[in-house]
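**Q** To start, I am sharing the structure in question, which I have written as structure tokens.
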Amino acid sequence: MLHHKGKVIIVGAGIAGLSAAYYLLKDGWEVCLLEKGDGTNNCSYGNAGMIVPSHFTPLAAPGIVAQGLKWMLNSKSPFYIRPSLNVSLIDWGLKFLRHANEKHVQRNAEAIRDLNGYSSRLYDDLAAEEGFDFELRQNGILMLYQTKAVQQEEMELAAAAQQLGLHTEVLGPDGVQALEPDLKINALGGVWYACDGILYPPKLMQQLTHYLLTCGVEIRYHTEVSGFRLSGNRITEVITSKGNYRADEMVIAGGAALPKLVSGLQLKLPLMPGKGYSFMHEPEGATAMKHGALLLEARVAVTPMNHQIRFSGTMELGPANDRIYKNRVKGIVESIPRYFPELKVSYPDDIWFGYRPCPPDGLPYLGRTRQYQNLSIAGGGGMMGLSLGPAFGKTIADLLSGTPAATAITGFSPDRFY
């Protein structure tokens, strides 16, 4: 393949990094990916596999603060901030509070919707390429509720979604059941977001990786970035555990490790790792689920994939650690029979956890930085990381090639916290 534009180093081989490599390669760049792990256990593998144009409200939405304070006292709850006198957590919390208002949500809803919608179309294109089959189902996601209060909230959200041009349908118990004929559902009703979709993340990641390697992209695993060499306002070299790397352009797509990666660069990219858990369940008999679903009161995502069902949930904010808090997983397990009375799910043997990169205003970091003329950031997708992956990658490729981004990204600027 001809490389006529120069060399790009991408730090991080999650969905954002792999997508950036994919589109940069197609644009004629020479690409090298640096990944601190072996590439098989980042957030892009264990997540809920959802493509969500429906998620147009940032994490810092109104009401989440009051709800979060109630939940914080309950270790089984879906949203939990582990109390800690960590300076960056306190700083994050103050910024989060400042953005948890209606105005912030309304100001950014269209940009988030557009980026997610664009990403969804890029997934369609990718799935049509030879060698790609990652179980993409663009058949919508069901938001299920069991209480009047949540029903009220969801109907308001569905109305806002319709005003944003998203296809939604509010359903009663029978309408919900009609969409899932093979699985008994216990719900007061639900909203079907026809604009959403699901896929099987491990297949997507493996196929993207295979494609890149076949096309001559260099992927260096077990290569941890410890710093950068600078010359004026350019980054000339990436310093790693396996030697130094030079390139014309640098892209940092390091997920929850973003703050650590840029710590020597004087960039302000506040971010907290939001731990989430997931596990696979093998249904007995022919319990074939057709759509992804969110169990709203429990904040649990349910995704049919690979002839199984993946349950994922919880948002536990605080400094990262390797512990599995059993109560958090129990919270997920105990919620399942309330919505699916026929599913027999016991506490899983195999529990996956990962960290969502959560900026305090719920918006991603996407674009070039002011301080360095050859540094771009693609990360901070929070709960939408997989959904936004291709849009992150294509936008980065466009920016590096001097093409305007396909959607409005000024609100996602990595420089916004100065």
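The values are calculated or read from the model by the stated rules, or taken from the named source; none is laboratory data. All values derive from a computational prediction rather than experimental measurement. Methodologically, a virtual Cβ is constructed for each residue, glycine included, from the backbone with ideal geometry; neighbour enumeration extends over all protein chains shown. Each accessible area value is taken on the protein alone, full model and side chains, heavy atoms only, with ligands, DNA and RNA left out. Shrake-Rupley method; radii C 1.70, N 1.55, O 1.52, S 1.80 Å.
**Q** For E342, list long-range residues whose amide hydrogen, built 1.01 Å from N in the peptide plane, is under 5 Å from its own amide hydrogen.
**A** K184
**Q** Here is a further query. Put a dot 7 Å past each Cα toward the Cβ at E169 and Q67; how far apart are the dots in nm?
**A** Roughly 2.5 nm, to one decimal.
**Q** In Å, what Kirkwood hydrodynamic radius results for the chain from the alpha-carbon pair distances?
**A** Numbers: mean 1/r = 0.0460 Å⁻¹.
Evaluated on the chain, it is 21.7 Å.
**Q** Using modelled amide H (1.01 Å from N, peptide plane; none on Pro or chain starts), what sits under 5 Å from the amide H of V300, excluding residues fewer than 5 places away?
**A** For V300, whose amide H was placed from the backbone, the distant partners under 5 Å are L295.
**Q** Shifting gears a bit: Probe of 1.4 angstrom, ligands and nucleic acids ignored: what's the accessible area per residue over segment 177-317, in square angstrom?
**A** Details: 5460 Å² over 141 residues.
I get 39 Å² per residue for segment 177-317.
**Q** Still on this structure: Compute the separation of the alpha-carbon centres of segment 198-248 and segment 116-194 and state it in Å as a whole number.
**A** Here the two parts' Cα centres lie 35 Å apart.
**Q** Still on this structure: Return the sequence-ordered ³J(HN,Hα) values of segment 146-156 in whole Hz as given by the Karplus equation 6.51 cos²θ - 1.76 cosθ + 1.60 applied to θ = phi - 60°, using x for Gly and Pro.
**A** 10, 10, 4, 4, 6, 4, 4, 4, 5, 5, 5
**Q** For an R0 of 51 angstrom, estimate the FRET efficiency from the Cβ-Cβ distance between Y347 and N233 and round to the nearest 0.05. Don't jump to the answer; show the numbers that get you there.
**A** Working: r = 53 Å, r/R0 = 1.04.
The computed FRET efficiency comes out at 0.45.
**Q** First compute the accessible area of the chain with a 1.4 Å probe, then give the percent of it belonging to carbon and sulfur atoms.
**A** Solvent-exposed carbon and sulfur of the chain make up 53 percent of the total.
**Q** Between segment 14-45 and segment 298-319, what's the alpha-carbon centroid distance in Å?
**A** Answer, in whole Å: 24.
**Q** Still on this structure, I have one more. Report the residues of segment 260-277 in range of a label on N41: point 7 Å along Cα→C-beta, backbone N strictly under 17 Å from it.
**A** 275-277
**Q** Find the accessible area per residue for segment 89-142; the probe is 1.4 Å, ligands and nucleic acids are left out, and the unit is Å².
**A** 50 Å²
**Q** Skipping prolines and chain starts, which residues have an amide H placed within reach, meaning under 5 Å, of the one on G274, given they are 5 or more residues away or on another chain?
**A** Distant-sequence amide H within range of G274: R356, C358.
**Q** Report the FRET efficiency, 1/(1 + (r/R0)^6), for L97 and T410, where r is their Cβ-Cβ distance and R0 is 25 Å, rounded to 0.05.
**A** Working: r = 23 Å, r/R0 = 0.94.
Computed FRET efficiency for L97 and T410: 0.60.
**Q** With a point put 7 Å past each Cα toward its Cβ, work out how far Q206 is from N327 in nm, to one decimal.
**A** My value for the distance between the label points is 3.8 nm.
**Q** For the peptides 405-417, 164-176, 134-146, 381-393, what is the packing order when you average, over each peptide's residues, the other Cβ atoms within 10 Å and list the highest mean first?
**A** Working: 405-417: 17.6, 164-176: 15.8, 134-146: 21.2, 381-393: 27.3.
Ranking the peptides 405-417, 164-176, 134-146, 381-393 by packing returns 381-393, 134-146, 405-417, 164-176.
**Q** Further question on the same structure: Could you go through segment 384-391 in sequence order and give the Karplus-derived ³J(HN,Hα) for each residue, using 6.51 cos²θ - 1.76 cosθ + 1.60 with θ = phi - 60°, rounded to whole Hz, and x for Gly and Pro?
**A** These are the phi-based 3J(HN,Hα) values: 10, x, 5, 4, 8, x, x, 5 Hz.
**Q** A further question on this structure: Distance cut-off 20 Å, Cα to Cα: go down the list K7/K394; K36/K242; K36/K326 and report the pairs above it. Display every interim value, and only then the final one.
**A** Numbers: K7/K394 17 Å; K36/K242 10 Å; K36/K326 28 Å.
K36/K326, as the Cα separations exceed 20 Å there.
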